[in-house]
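The values are calculated or read from the model by the stated rules, or taken from the named source; none is laboratory data. All values reported here derive from a predicted model rather than from experimental measurement. No Cβ is skipped: glycine too gets one built from the backbone with ideal geometry, and neighbour counts run over all protein chains shown. Side chains are part of the model used for accessible areas, which takes the heavy atoms of the whole protein and leaves out ligands, DNA and RNA. Shrake-Rupley method; radii C 1.70, N 1.55, O 1.52, S 1.80 Å.
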Amino acid sequence: MPRDDEFEGRTYLYIRTNAADTGVEPLAPALAFWESPDITVIQPGGIRGGEAIANQVHQVEVIVTNRGGLSAVDAKVEVFFCHPAPVLIPANAMLIGGDFLTIPGYSTRSTSFNWIPSAADAGHQCLVGRVSLFVPPDTY
């Protein structure tokens, strides 16, 4: 990852919403925010991507980028799923897992965790990831 002196003395964490996402806010209006390359469902048998299969163990992999110069120690990474809807809000999001991750400055790291979708939650779902850091403060 190229150095970005703008964030030399801090962390700058993000999970890309699109392959062209560089973490710049606000997100460019032309980018499809629902196509994150950084959140991947790994089906039983190791197949990456696709729809969730009911009552089977899947892995959810999340890649976090730290565009800043300081290491992010124990950043909290969480993933939620929502049934497809025009608006994703906390009231319709269900936590499926999370982890703590250390991401050195100017680098990326990944984590993964198990997810067993129920019959009602299998098929096409929207996954939303977030990362936060308490010290130094790096908010959602």
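Whenever a residue of region 69-94 is more than 30 Å from E6 (Cβ to Cβ), its partners that are among the polar types (S, T, N, Q) and loosely packed, with under 14 Cβ neighbours inside 10 Å, lying with C-beta atoms within less than 9 angstrom and at least six residues away or across chains, give the pairs C82/N92; H83/N92; A85/N92. Among the numbered conditions (1) over 23 Å from E6 (Cα atoms); (2) loosely packed, with under 14 Cβ neighbours inside 10 Å; (3) modelled with pLDDT under 90, the only one that Q56 does not meet is (3).
Scanning region 29-53 for residues that are open to solvent by 30 Å² or more (accessible area, probe 1.4 Å), farther than 20 Å from V131 by Cα and out of contact with any His (no Cβ under 9 Å at 6 or more places or on another chain) yields a total of 9. Of the set (1) in a loop (DSSP other than H, G, I, E, B); (2) open to solvent by 50 Å² or more (accessible area, probe 1.4 Å), all apply to V73 but (1). Selection of first residues in region 102-116 that are in a loop (DSSP other than H, G, I, E, B) and of second residues that are among the hydroxyl-bearing types (S, T, Y), restricted to Cβ pairs under 8 Å at least 6 apart or on distinct chains, gives the following pairs, ordered by first then second residue: P104/S71; G105/T11; G105/S71. When E61 is tested against the conditions (1) of a type in the set (D, E); (2) loosely packed, with under 13 Cβ neighbours inside 10 Å; (3) in contact (Cβ under 8 Å) with a residue 24 or more places away in the chain, the lone failure is (2). Residues considered: V64, V73. Of these, the only one that is over 20 Å from P44 (Cα atoms), within 12 Å of the chain's Cα centre (by Cα) and of a type in the set (A, V, I, L, M) is V64.
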